[in-house]
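A short write-up of the structure that comes next.
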Amino acid sequence: MRGYQNQMTRVTIEGSRYEGGQLLVSGTGMAGERFTDLVWYEPHGFHSRPHQGAVGYLLAPGGRREQGMVMAASDAGKVPQLGEGEAAMYDNTGKVVTLGSAGWKFNMDVEITGNVTVTGNIEVAGNIHATGTIMDDSGNTNHHSH
């Protein structure tokens, strides 16, 4: 009895689109083989959308490329350099969020929707602008409005 062959090949992403909540990608393989609307595969809880020109891998279980999945696409020119043990999220414009031994580092504007609780000190090297009330429950400042 002959078993089935799994196949994996490098691919260049040429485009992507959403249909029914699923990201589908299209592009070319190493020998110019074209593929259209294959499922973009990634682990639960994570999502990214590869940009045109990113290189990834097409997995074809059982050798059936028309039912293949594409995963792990990146652009070597956009991957940030990290220290050993660090992790990062990045986009194709150079914005990076890094998690390292010193904590999280952002090189972009950050918008948070929801409450934030900080246990520890906050140091601000710039201005603070509040559109709501600032309260000091320890009594260290005079509460006033302008």
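The values are calculated or read from the model by the stated rules, or taken from the named source; none is laboratory data. What you see is a predicted model, and the numbers here were worked out from it, not measured in a lab. Cβ placement follows ideal geometry from the backbone for every residue including glycine, while neighbour counts extend to all protein chains displayed. Calculation scope for accessible area: heavy atoms of the full protein, side chains included, ligands and nucleic acids excluded. Shrake-Rupley method; radii C 1.70, N 1.55, O 1.52, S 1.80 Å.
Restricting attention to the range 63-77, which residues are farther than 15 Å from Phe35 by Cβ and open to solvent by 50 Å² or more (accessible area, probe 1.4 Å)?
Ala72, Ala76, Gly77
Take the residues in the range 27-38 that are hydrophobic (A, V, I, L, M, F, W, C) and outside any loop (DSSP other than H, G, I, E, B), then tell me which one is nearest to Ser16 (Cα to Cα).
Residues of the range 27-38 hydrophobic (A, V, I, L, M, F, W, C): 30-31, 35, 38.
Those still in the list that are outside any loop (DSSP other than H, G, I, E, B) too: 35, 38.
Numbers: Phe35: 11, Leu38: 9 Å.
For the range 27-38, the residue satisfying everything is Leu38.
So Ala60 passes all but one of these: (1) surrounded by 12 or more Cβ atoms within 10 Å (Cβ to Cβ); (2) of a type outside the set (S, T, N, Q); (3) within 24 Å of Asp91 (Cα to Cα). Which condition number does it fail?
Unmet for Ala60, out of (1) surrounded by 12 or more Cβ atoms within 10 Å (Cβ to Cβ); (2) of a type outside the set (S, T, N, Q); (3) within 24 Å of Asp91 (Cα to Cα): (3).
So Asp75 fits all but one of (1) closer than 23 Å to Ile13 by Cβ; (2) at pLDDT 90 or above; what number is the exception?
Asp75 satisfies every listed condition except (2).
Mind checking whether some residue in the range 87-101 is at pLDDT below 85, surrounded by fewer than 12 Cβ atoms within 10 Å (Cβ to Cβ), of a type outside the set (A, V, I, L, M, F, W, C) and under 30 Å from Met8 (Cα atoms)?
There is no residue in the range 87-101 that is at pLDDT below 85, surrounded by fewer than 12 Cβ atoms within 10 Å (Cβ to Cβ), of a type outside the set (A, V, I, L, M, F, W, C) and under 30 Å from Met8 (Cα atoms).
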